[in-house]
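To start, the structure under review is shown below, and the notes come after it.
The values are calculated or read from the model by the stated rules, or taken from the named source; none is laboratory data. Just so it is clear, the structure is predicted and the values come from calculations on it, not from any experiment. Positions of Cβ are generated from backbone atoms using ideal geometry, with glycine treated the same way; all protein chains shown enter the neighbour counts.
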Amino acid sequence: MKAAAFAYARATSVANALELLAVHGEKARVLSGGQSLIPAMNLRLVAPEVIVDIGDLAELRGIVVKGDTLVMGALTRHADLLKSSDIVKCAPLLGAAAAHVAHPAIRNRGTIGGSLAQADPASELPACMLALGATIVVHGPGGERRIAAEDFFTGIYETQLAPQDLLVAIELPVARTGSAHFFQEFARRHGDYAIVGLAAQAMLQGDRFADLRLGYFAVGDKPVLAKAASKLAGATITPALLAEASDALSHELDPHEDQQATPAMRRHLARVLLARCVASLLNRPDLNIGGRS
């Protein structure tokens, strides 16, 4: 299939992009990398009347460290996460996740801002933003808004972005001494959408978690910051406590059913990932007895 007819406008600046969105409103869609929008248009899942292309806006590219904050422009590409020394030092979870995003051709074109705005519940990066405590920076008619990642994603392909808004940057706290991360997903083939995945960020204090944030994806209509992690923070981790947290996780999640998995299977895989995550972060192989399947 081919996309329905549409008008095209190339933005020359963020201000110009906002002007175009203000004029066209819900009839317009923003084009950045195009790896999600173009297939959806070709399948007639969306049919915007106007495409606002922001791909040439250099001001929205790049990764910089400002004090204790890592700032990524919305047009920074997935491939950039794999090459940036700042990502390695300040947010290594993103590099681990980016290696699982589709394939090189898509990573070379797809953008971080596009992935977050698309809000596919099976995507890796939205869950990473929950785990890392990210702030999403948005410009709109009322000026700049800063939205916590936990509040940004609202449903399947839905976010806090209004039709006249533009996602311009993402801010992350720089990883501190004692921090650790875990990323793993189950997929039928590398590069496929995940059946279940987990992005985790932890602060270790000896053999305990001073803090643990578990960002699950492909387990519902949006990424989930699991409340079950609170059972593990500050406590001596035993198999019994891990089992208690695992049970709480099962009750917390509300997975969907599709051609890949049933809700019961997704709950099981989420529990497996929890066991693997805790065992890996604490270097406790004994805790992964139930997570080897």
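Tell me, yes or no, whether the range 67-75 has at least one residue that is touching a strand residue (DSSP E or B) at 6+ places or on another chain (Cβ under 7 Å), among the acidic types (Asp, Glu) and assigned by TED's automatic domain parsing to the domain that holds residue 105.
Our first condition is that a residue be touching a strand residue (DSSP E or B) at 6+ places or on another chain (Cβ under 7 Å); within the range 67-75, this holds for 68-75.
After this cut, where a residue has to be among the acidic types (Asp, Glu) as well, the list is 68.
Now restrict to residues that are assigned by TED's automatic domain parsing to the domain that holds residue 105: 68.
Yes: one or more hits.
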Complete set of residues in the range 55-81 that are over 20 Å from residue 133 (Cα atoms), part of a helix (DSSP H, G or I) and among the aliphatic types (A, V, I, L, M): 58, 60, 79
If residue 22 satisfies all but one of (1) in a helix (DSSP H, G or I); (2) closer than 20 Å to residue 179 by Cβ, what's the number of the condition it fails? (2)
Those residues of the range 241-275 which are in a helix (DSSP H, G or I), out of contact with any helix residue (DSSP H, G or I) (no Cβ under 7 Å at 6 or more places or on another chain) and of a type in the set (Gly, Ala, Ser), in sequence order: 243, 264
Consider residue 229 carefully, then state whether it is hydrophobic (A, V, I, L, M, F, W, C) and without any contact (Cβ under 8 Å) to a residue 60 or more places away in the chain. yes
Provide a single number: the residues in the range 232-266 that are modelled with pLDDT under 95, of a type in the set (S, T, N, Q) and either closer than 23 Å to residue 281 by Cβ or surrounded by 12 or more Cβ atoms within 10 Å (Cβ to Cβ) (or both). 1
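Okay, residues lined up against (1) outside the structural domain of residue 148 (by TED's automatic domain parsing); (2) in contact with a helix residue (DSSP H, G or I) (Cβ under 7 Å, 6 or more places away or on another chain); (3) not small (Gly, Ala, Ser):
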position	(1), (2), (3)
190	yes, no, yes
197	yes, yes, no
201	yes, yes, yes
205	yes, no, yes
208	yes, no, yes
216	yes, yes, yes
221	yes, no, yes
224	yes, no, yes
229	yes, no, no
Which pairs have Cβ atoms under 6 Å, sit 6 or more apart or on different chains, and link a residue in the range 179-202 that is assigned to a loop (DSSP other than H, G, I, E, B) to one that is polar (S, T, N, Q)? 195/260
Which of the following residues is outside any loop (DSSP other than H, G, I, E, B), buried (at least 17 other Cβ atoms within 10 Å of the Cβ) and touching a Phe, Trp or Tyr at 6+ places or on another chain (Cβ under 7 Å): 121, 126? 126
Pull out all pairs, ordered by first then second residue, where Cβ-Cβ is under 8 Å, the residues are six or more apart or on different chains, the first lies in the range 139-156 and is of a type in the set (Phe, Trp, Tyr), and the second is part of a strand (DSSP E or B). 152/136; 152/159; 153/159
Considering only the range 192-204, I want to know if a residue exists there that is closer than 21 Å to residue 269 by Cβ and surrounded by fewer than 16 Cβ atoms within 10 Å (Cβ to Cβ). yes
Pick from the range 205-224, criterion buried (at least 17 other Cβ atoms within 10 Å of the Cβ) and hydrophobic (A, V, I, L, M, F, W, C), ranking: farthest from residue 108 (Cα to Cα): 209
Inside the range 276-292, can you point out the residues that are over 16 Å from residue 199 (Cβ atoms) and either assigned to a helix (DSSP H, G or I) or touching a helix residue (DSSP H, G or I) at 6+ places or on another chain (Cβ under 6 Å) (or both)? 279, 282, 285, 286, 287, 288, 289, 290, 291
For residue 52, indicate whether it is part of a loop (DSSP other than H, G, I, E, B), more than 20 Å from the chain's Cα centre (by Cα) and either touching a residue at least 40 places away in the same chain (Cβ under 8 Å) or in the same structural domain as residue 16 (by TED's automatic domain parsing) (or both). no
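Suppose we filter 158, 144, 185 for residues that are in contact with a strand residue (DSSP E or B) (Cβ under 7 Å, 6 or more places away or on another chain), outside the structural domain of residue 262 (by TED's automatic domain parsing), at pLDDT 95 or above and within 29 Å of residue 62 (Cβ to Cβ); which single one remains? Lay out the reasoning, then the answer.
Numbers: 158 fails: in contact with a strand residue (DSSP E or B) (Cβ under 7 Å, 6 or more places away or on another chain); 185 fails: outside the structural domain of residue 262 (by TED's automatic domain parsing).
After applying the criteria, what remains is 144.
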Does the range 10-19 hold any residues that are touching a helix residue (DSSP H, G or I) at 6+ places or on another chain (Cβ under 7 Å) and in a helix (DSSP H, G or I), and which are they? 14
